[in-house]
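Following: one structure in structure tokens, then a few remarks.
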Amino acid sequence: MLPQKSNRILGIGVNLVGAIISAVIFYYGSLVAKDNYLFKVKVMDSMGTPQFMLTVVIPIGMFFLTIQFIRNLYEDYRQLKEVK
């Protein structure tokens, strides 16, 4: 078990890295979904489902995950200031 201060510092680092990674996945996922929409890519099935409908869930999820990492980062930072 780490001391509370070290635990908060580690939490800040983990949340920062998580926010950066999820933001990058959000960005590239948005580009893929946009390209699938613009080029009207279809899934190879009997209904001809547009591919962007399947790929748009990735950037949506990563957007909300980025927000959650930022919220956790703020909470860890706020608690770190209280520990000092």
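Quick note: the coordinates plus some simple rules give every number you see, no bench work behind them. Note that the coordinates shown come from a computational prediction; the quantities given were computed from them, not determined experimentally. Neighbour counts run over all protein chains shown; Cβ positions are idealised from the backbone, glycine included.
Quick look at the numbers
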item: Hz values of 3J(HN,Hα) by residue in segment 37-46 - Karplus curve (6.51, -1.76, 1.60), Gly and Pro given as x; result: 6, 5, 8, 6, 5, 10, 7, 6, 9, 5
item: For segment 70-79, 3J(HN,Hα) per residue [Karplus equation, 6.51 cos²θ - 1.76 cosθ + 1.60, θ = phi - 60°, Hz, x = Gly/Pro]; result: 5, 4, 5, 4, 4, 5, 5, 5, 4, 6
item: Within the chain, helix-based [θ] at 222 nm, where runs of 4 or more DSSP H residues each add -39,500 (n - 2.57), nearest 500; result: -28000 deg cm²/dmol
item: Alpha-carbon centroid distance for the pair segment 30-58 / segment 60-75, whole angstrom; result: 25
item: Whole-Hz couplings from phi, Karplus 6.51/-1.76/1.60, listed for segment 52-64; x for Gly and Pro; result: 4, 5, 8, 8, 6, 5, 5, x, 5, x, 5, 4, 5
item: Nonlocal amide H pairs with LYS42, under 5 Å, H built at 1.01 Å; result: GLN51
item: Student exercise, the chain dipole from Lys, Arg, Asp, Glu Cβ charges, in Debye to nearest 20; result: 260
item: Qualifying trypsin sites (Lys or Arg not before Pro) for segment 1-66 [loop in DSSP, other Cβ within 10 Å: at most 11]; result: LYS40
item: Where chymotrypsin sites (Phe, Trp or Tyr not before Pro) fall in DSSP loop in segment 17-84, at most 13 other Cβ within 10 Å; result: PHE39
item: Residue (of GLN79, SER30, PHE63) at the positive-pole extreme of the chain, dipole from beta-carbon charges; result: GLN79
